[in-house]
Each structure stands twice: as structure tokens, then as C-alpha cells.
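Worksheet: one structure, shown below.
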Amino acid sequence: MQRLAFKMKLNPGQKEAYKLRHDQLWPELKELLKQNGVSEYSIFLDEETSTLFAFQKVSGKGGSQDLANNPVVKKWWDFMADIMEVNPDNSPISIPLKEVFYLE
């Protein structure tokens, strides 16, 4: 089991919209993530900087970041593009983080 972490950036003033959209996460996206080995997926917000910190456990070699060609994921990116920093294809600008400490 891998533990992956990455950060993203929320546009100012979009905390409530971001939370609401994730509270209503599409069932097909949730199922897609689970089918691809993603579990214990959490996203935290640093309200001072609007930085999102994401953590997920992944069985296998991939993770949510490896589903870029899936139509459900592309649709989700388009849905989220107005409230966060994104690349030209509407994927979130996502910066992988290196684990430097783990206590089991």
C-alpha cells in the first residue's frame, strides 16, 4: 500500500463551493477511485493560503493522478476548474509531496 500526498490551490473565497462539491461527490467518480485502488482519500484546507493538502492510500502503482484519460475525471476537472488553479486541460495544478516522516 502506497501513501501519496500532493497539494493544490483553491481560488480565494471558494472554500464553501469546494466543500459542497466534494460533499456531493459523484457516485461514478467515487466508484472509479475505489476500483483503481484509491482509499482513505482526504483533502485538507489551509485557510490562510488557500492551499489544499490531499492524502490517499493506494493499492497498486497508480492513484487518482493517473486517471487523467478517464471521461468521468475530465468531466470532474471541468466542473471544478472555476474554483481552483488548473492547467490548460482543466486538471488541477497538483504538486506531489515527498514523505519525510511516518509513524505507524
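Just give me the residues in the stretch 33-48 being more than 22 Å from LEU10 (Cα to Cα) and in contact with a Leu (Cβ under 7 Å, 6 or more places away or on another chain), in sequence order.
Residue satisfying the conditions is ASN36 alone.
Among the strands (runs of 3 or more DSSP E) contained in the stretch 19-104, which hold 1 or more residues that are surrounded by 14 or more Cβ atoms within 10 Å (Cβ to Cβ)? Write out each step before concluding.
Values: elements: 38-46, 51-58, 95-97.
Per the criteria, 38-46, 51-58.
For residues that are under 19 Å from LYS30 (Cβ atoms) and of a type in the set (Gly, Ala, Ser), scanning just the stretch 40-56, find the one that is farthest from the chain's Cα centre (by Cα).
Taking the candidates together, the pick is SER42.
Search the stretch 68-83 for residues that are under 9 Å from LEU29 (Cβ atoms) and pair each with any residue that is assigned to a helix (DSSP H, G or I) and of a type in the set (Asp, Glu) when their beta-carbon atoms are under 7 Å apart and the residues are at least 6 apart or on different chains.
Matching pairs, first to second residue: VAL72/GLU28.
I'm checking my understanding of the structure. Among residues of the stretch 1-18 that are of a type in the set (A, V, I, L, M, F, W, C) and outside any loop (DSSP other than H, G, I, E, B), which one is modelled with the lowest pLDDT? Show your work before the answer.
Step one: of the stretch 1-18, the residues of a type in the set (A, V, I, L, M, F, W, C) are 1, 4-6, 8, 10, 17.
Within this subset, residues satisfying the condition of being outside any loop (DSSP other than H, G, I, E, B) are 4-6, 8, 10, 17.
On the way: LEU4: 91, ALA5: 95, PHE6: 96, MET8: 98, LEU10: 98, ALA17: 98.
Taking the candidates together, the pick is LEU4.
Looking only at residues in the stretch 19-39 that are under 13 Å from ARG3 (Cβ atoms) and under 13 Å from the mean Cα position of the chain (by Cα), which one is modelled with the lowest pLDDT?
Of all residues in the stretch 19-39, those under 13 Å from ARG3 (Cβ atoms) come to 37-39.
Pick out the ones that are also under 13 Å from the mean Cα position of the chain (by Cα) and you get 38-39.
Details: VAL38: 91, SER39: 88.
If we take residues in the stretch 19-39 being under 13 Å from ARG3 (Cβ atoms) and under 13 Å from the mean Cα position of the chain (by Cα), then SER39 is modelled with the lowest pLDDT.
If you go through the stretch 18-55 one residue at a time, how many are touching a helix residue (DSSP H, G or I) at 6+ places or on another chain (Cβ under 9 Å) and farther than 23 Å from ASN70 by Cβ?
Qualifying residue count for the region: 3.
The values are calculated or read from the model by the stated rules, or taken from the named source; none is laboratory data. On a predicted model such as this, the values are computed, not experimentally measured, just so you know. Note that each Cβ is placed from the backbone with ideal geometry, even for glycine, and that neighbours are counted across all protein chains shown.
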